[in-house]
Amino acid sequence: MRLRTPREVPERPLPGSELLTAETVRLTIGGRALLDGASVRVAAGEVVALLGPNGAGKSTLLSVLAGDVRPDGGEVRLRGRPLAGYGAAELALHRALLPQSAALSFPFPADEVVRMGRAPWTGTAAAAEDEAVVAEAMAATESAAFAGRPFTALSGGERARVALARVLAQRAPLLLLDEPTAALDLRHQELVLRVARERAAAGDGVVVVLHDLSLAAAYADRVVLLNAGSTVADGPVTEVLRAPLLSEVYGHPVEVLAHPRTGVPLVLPER
Ligand code: ADP
Ligand code: MG
């Protein structure tokens, strides 16, 4: 009989404790600096919105934060340890990455795709919960109705929710979500950001790339603004989402209004 060594499962982070810190990250590919002074940090219990125009380096930065791409310079620490020191299996218990939707094409039924999120837990006590966790993740993203359907036969928005369910099923305390709302209707955009907030309330840290600045304002604790590979602002919603800065970074004049009832900033392009 072969005895399996029990895998060491990391402890849940303490609320407010540092989960991930990236300082002045640099990455050059083919002579182009994709990241040049990108910094971001996220604590347990926090939703951080990563904003910036097309090509700013948001997806590149997420792949660095996930440990999938090693930067040429700067420092990334996950729970106080250099990210480069983690092995792939260990990393999968710490962080889950939702790639930008264009990158995904799974040739399986939707529920199998979600079940793939449980792979890191194979051989741990938590594997006993696999089916319950998969069902919960599909319910949370309103994707249970697609369970038996081929992932590739779903609409873009349906696929996006199944892909998010897979990431939620991984039960990692750090969620890195790349444009999870890009293909979604209004109801499901709100649903996804509510799920992000719920995960944060349960003690996870969330970094979420968004293009809808009003959505970011409504749901994020903090906003990191990336431009040309550099972090140009990092702070609370009301400090970062200001018209002059956004107009400059996005290359289009915007106005920022306070919602008449809630006071939450609404960011609108000038038309
Ligand atoms: P964002 O997600 O903010 O829109 P990306 O991180 O995808 O931006 O890309 C940042 C810049 O890096 C873009 O100009 C893009 O064309 C370029 N880029 C992305 N990946 C690569 C790569 N593998 N090789 C060369 N250039 C890349
Ligand atoms: Mg991107």
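The values are calculated or read from the model by the stated rules, or taken from the named source; none is laboratory data. Computed from a predicted structure; not experimentally measured. We place every Cβ from the backbone using ideal geometry, glycine too, and count neighbours over all the protein chains shown. Side chains included, ligands, DNA and RNA excluded: accessible areas come from the protein's heavy atoms. Shrake-Rupley method; radii C 1.70, N 1.55, O 1.52, S 1.80 Å.
Brief remarks follow.
- Output for the range 77-88, where each listed residue is surrounded by fewer than 22 Cβ atoms within 10 Å (Cβ to Cβ) and in contact (Cβ under 8 Å) with a residue 24 or more places away in the chain: 77, 79, 80
- Qualifying residue in the range 62-74 (condition: open to solvent by 10 Å² or more (accessible area, probe 1.4 Å), within 16 Å of ligand 2 (Cβ to nearest atom) and not hydroxyl-bearing (Ser, Thr, Tyr)): yes
- Within this structure, residue 112 passes the test of being at pLDDT 95 or above and either in a loop (DSSP other than H, G, I, E, B) or more than 15 Å from the chain's Cα centre (by Cα) (or both).
- Test result for residue 238, within 16 Å of ligand 2 (Cβ to nearest atom), open to solvent by 20 Å² or more (accessible area, probe 1.4 Å) and touching a strand residue (DSSP E or B) at 6+ places or on another chain (Cβ under 8 Å): no
- Subset of the range 10-47 (residues that are open to solvent by less than 20 Å² (accessible area, probe 1.4 Å) and within 15 Å of ligand 1 (Cβ to nearest atom)): 22, 25, 27, 35, 38, 40
- Residue match in the range 190-211 (condition: farther than 30 Å from residue 110 by Cβ and crowded, with 17+ Cβ neighbours inside 10 Å): no
- Residue match in the range 48-56 (condition: in contact with an Asp or Glu (Cβ under 7 Å, 6 or more places away or on another chain) and either farther than 15 Å from residue 211 by Cα or within 7 Å of ligand 1 (Cβ to nearest atom) (or both)): no
- Only helices (runs of 4 or more DSSP H) whose full extent lies in the range 155-252 are considered here, and the ones with at least 1 residues that are under 14 Å from the mean Cα position of the chain (by Cα) are 156-169, 186-201, 213-219.
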